[in-house]
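Colleague: My questions all concern the structure below.
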Amino acid sequence: MRLCDEDIEILLNKKELIIIPYPKKQLINGITVDIHLGDKFRIFHDHKRACIDLSGSKENIALSLSEIMSDEISFSSEKPFFLQPGTLALSSTFENIIMPNNLVGWLDGRSSLARLGLMVHATSHRIDPGWEGNIVLEIFNSGKLTLVLRPQMKIAALSFEMLSKSVLRPYSSRREAKYKQQNGVVCSRIDQE
């Protein structure tokens, strides 16, 4: 069952669901909480390698990722990020989210931005029970024009679904979890699988 705005506010007030900074009332509507873009990006240096063999050895995948992924790049309102058509970049949410063990979150893009070609997640839109950190966004410009992105613009919305009970293996307690307490723009850790 998806939670309505009243239920989301109750969980936030009880600190069972934590969003830092605490969302203003006008950001909680219907079944969602609006979230904002952080101030860092990572881009792909596709000119350094022709491909990444995802079925290759861990060492080769790690080398490929280190060659093609930039360090975190800061941007600001005065120096925005220009997302070119057909380009994928990684960013993260301004907000830090801490999920309880009996709730799953769903990240969705904003319709008004999607109509301009902006996608905020390639496929990973589930926020697992027990997860904590900034949400990494796989931002893609599928439109024909360059999109100008600035920190703290509304970028997506989160909705929440109550589970029948708390999970036995929350994300925070799984030894193999690669993105525990994610802070900033964490690139793919496929080489750790």
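Colleague: Here's a check for you: in region 107-116, which residue that is over 11 Å from Ile139 (Cβ atoms) and surrounded by 16 or more Cβ atoms within 10 Å (Cβ to Cβ) is nearest to the chain's Cα centre (by Cα)?
Modeller: Leu107
Colleague: Tell me which residues, restricted to region 68-85, are at pLDDT below 90 and either more than 9 Å from Ile43 (Cα to Cα) or part of a strand (DSSP E or B) (or both).
Modeller: Scanning region 68-85 gives Met69, Ile73.
Colleague: Check whether at least one residue in region 91-104 is touching a strand residue (DSSP E or B) at 6+ places or on another chain (Cβ under 9 Å), more than 26 Å from Cys4 (Cα to Cα) and of a type outside the set (S, T, N, Q), and report yes or no.
Modeller: The answer is no, given that none of the residues of region 91-104 is touching a strand residue (DSSP E or B) at 6+ places or on another chain (Cβ under 9 Å), more than 26 Å from Cys4 (Cα to Cα) and of a type outside the set (S, T, N, Q).
Colleague: Could I ask something else about it? If you scan region 77-111, which residues turn out to be small (Gly, Ala, Ser) and in contact with a Lys or Arg (Cβ under 9 Å, 6 or more places away or on another chain)?
Modeller: Answer for region 77-111, where residues must be small (Gly, Ala, Ser) and in contact with a Lys or Arg (Cβ under 9 Å, 6 or more places away or on another chain): Ser77, Ala89, Ser91, Ser92, Gly105.
Colleague: Could we say that Ser57 is modelled with pLDDT under 95, under 24 Å from Asn134 (Cβ atoms) and of a type in the set (S, T, N, Q) here?
Modeller: Against the criterion (modelled with pLDDT under 95, under 24 Å from Asn134 (Cβ atoms) and of a type in the set (S, T, N, Q)), Ser57 does not qualify.
Colleague: Taking only pairs six or more apart or across chains, which ones have beta-carbon atoms under 7 Å, a first residue in region 1-13 that is farther than 11 Å from Phe160 by Cα, and a second residue that is surrounded by 13 or more Cβ atoms within 10 Å (Cβ to Cβ)?
Modeller: Between residues of region 1-13 that are farther than 11 Å from Phe160 by Cα and residues that are surrounded by 13 or more Cβ atoms within 10 Å (Cβ to Cβ), the close pairs are Glu9/Ile28; Leu12/Ile19.
Colleague: When the residues of region 117-167 are narrowed to those that are among the β-branched types (Val, Ile, Thr) and in contact with a Leu (Cβ under 9 Å, 6 or more places away or on another chain), which ends up nearest to Leu88 (Cα to Cα)?
Modeller: Ile139
Colleague: Any residue in region 110-127 that is on the phi > 0 side of the Ramachandran plot sitting within a Cβ distance under 6 Å of a residue that is assigned to a loop (DSSP other than H, G, I, E, B) and among the polar types (S, T, N, Q)? List the pairs, counting only those 6 or more apart or interchain.
Modeller: From region 110-127, the pairs are Gly117/Ser142.
The values are calculated or read from the model by the stated rules, or taken from the named source; none is laboratory data. Given the structure is predicted, the values throughout are model-derived calculations rather than measurements. Reconstructed Cβ throughout: ideal geometry from the backbone, glycine too, with neighbour counts over all protein chains shown.
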